[in-house]
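Notes follow once the structure below has been shown.
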Amino acid sequence: MLPVLAITVLCIATWASALNDPLSDLPRFGTPLNNLTVSVGREAVFTCIVENLGPYKVAWLRVDTQTILTIATHVITKNHRIAVTHSGHRRWCLHIRDTKETDRGWYMCQVNTDPMSSNTGFLEVVVPPDILDDSTSTDMEVQEGSNVTLRCAATGTPKPKVTWRREIGGTIAQSNSHEVGEGSVLKLTRVTRSDMGPYLCIASNGVPPAVSKRIVLNVYFQPMIWIENQLVGAYEGQTLVLECHSEAYPTAITYWTRPSNETITNENYKVETIPKGYEINMRLTIKSVQPQDFGSYRCVAKNSLGEMDGKIKLYRIDRSPTMRRPSNRRDSKKMWMMEHSHERNATGMRDEPMSKGAENDDEQIDFQSAADSSHRHCRLFSSLGIAAIAVILADCLST
């Protein structure tokens, strides 16, 4: 009540002073008082321009609470966050430091003329979004085929907009082909393993920064196994890789059994599991296939919801002739000579006698044997007297 009385006395004194000088001009405001928008915690500064202030005084008031904040250069309110500055009695500034949401409202720059003149402006205090953990969903684990509701509660000024996004990308079931769902509640119907993973609840209201919360959805299902090749052929001594693909959550325990139904631990085998999310690639390497390795192999995946296995049958095949190595030194030389002769004929080159250094006893025996064999065949055809092969006999006799 005392501040209001002080303002009244001040107004009367100033009015009396103005009467003594009837030629003086009354004060007028240079520009309207601007509205302000500041983020919570920042400083808000209202600026009031008064032309020809003269003997009059400028006061700042909070309109909605009818509180006098300052008179001239004096701070009246007990709020330590309020301050006043001026420049040449023309520019008067009201400072509100460390703004709070409760500072939102109308403020008045008042000059104690008769009648009183004033200028008003509105202070908007905006608040960045914040997600309320108590009212927001946490990580969830559900059975495949269940319905799931995810909630995200956010506050802020203006009211935040809530959107949902999958952290790894992809479709959100509720929003069909769209990657983003909107609203504080996200409902997923009959979830499958493809819906598993982290979801991001994002709150934004135009006041930086936007905030998000990560909610992980895990979907339980029993193991499944599929095999690309269930029948595999191999020859003895071959290195072979058998593969099974498994899906399960919780993560399955996996192992292989050999044809004797024993769990594989032999050093001749190498067992690998390559996980990727809820998928596991099971790989069995047989370092050198032995006779006892032929038969049926099982890959097994087991978790708390069930067990599944797949079978691969390994059967024996003969080594391809093209894969056999030369059995001795003579075979190697014959193969080289055949290839060498073929290359020379293809380029039109004439055969030349081999140097003595390149010949050896084995090769001479091979050529002599071939010549003797040719003459024997010719004598055989001659003794038979077959007219149909007369031309061939003539060639043989000429040799």
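The values are calculated or read from the model by the stated rules, or taken from the named source; none is laboratory data. Keep in mind the model is a prediction, meaning the values are calculated, not measured. Cβ sites come from the backbone with ideal geometry, for glycine too, and all protein chains shown count toward neighbours.
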From Ile280, Ile312, Ile215, which residue is within 30 Å of Asn147 (Cα to Cα), of a type in the set (Val, Ile, Thr), assigned to a strand (DSSP E or B) and in contact (Cβ under 8 Å) with a residue 40 or more places away in the chain?
-> Ile215
Could you please let me know if Arg81 is basic (Lys, Arg), surrounded by fewer than 18 Cβ atoms within 10 Å (Cβ to Cβ), free of Cβ contacts under 8 Å to residues at least 40 places away in the same chain and out of contact with any Phe, Trp or Tyr (no Cβ under 9 Å at 6 or more places or on another chain)?
-> yes
Residues (of a type in the set (A, V, I, L, M) and surrounded by 14 or more Cβ atoms within 10 Å (Cβ to Cβ)) located in the range 214-236 | Ile215, Leu217, Val219, Met224, Ile225, Ile227, Val232, Ala234
In the range 190-208, the residues that are more than 22 Å from the chain's Cα centre (by Cα) and either within 22 Å of Ala153 (Cβ to Cβ) or surrounded by 17 or more Cβ atoms within 10 Å (Cβ to Cβ) (or both) = Asn205, Gly206, Val207, Pro208
Thr120 meets each of (1) in contact with a Ser or Thr (Cβ under 9 Å, 6 or more places away or on another chain); (2) in a strand (DSSP E or B) with one exception, condition (1)
Tell me, please, whether a residue that is exposed (fewer than 14 other Cβ atoms within 10 Å of the Cβ), in the same structural domain as Gly197 (by TED's automatic domain parsing) and on the phi > 0 side of the Ramachandran plot can be found in the range 101-114.
-> no
Odd one out for Thr73 among (1) farther than 25 Å from Val127 by Cα; (2) polar (S, T, N, Q); (3) surrounded by 19 or more Cβ atoms within 10 Å (Cβ to Cβ) | (3)
Can you name the residue in the range 286-309 that is part of a loop (DSSP other than H, G, I, E, B) and not hydroxyl-bearing (Ser, Thr, Tyr) and is also nearest to Ser246 (Cα to Cα) among such residues?
-> Leu305
Test: residue in the range 89-111 that is modelled with pLDDT under 95, assigned to a strand (DSSP E or B) and farther than 29 Å from Pro160 by Cα = no
Identify all residues within the range 293-310 that are closer than 15 Å to Trp256 by Cβ and over 30 Å from the mean Cα position of the chain (by Cα); write none if there are none.
-> Asp293, Gly295, Ser296, Tyr297, Arg298, Cys299, Val300, Glu307, Met308, Asp309, Gly310
Collect the residues in the range 32-54 that are within 18 Å of Val127 (Cα to Cα) and of a type in the set (Ser, Thr, Tyr), keeping them in residue-number order.
-> Thr37, Ser39
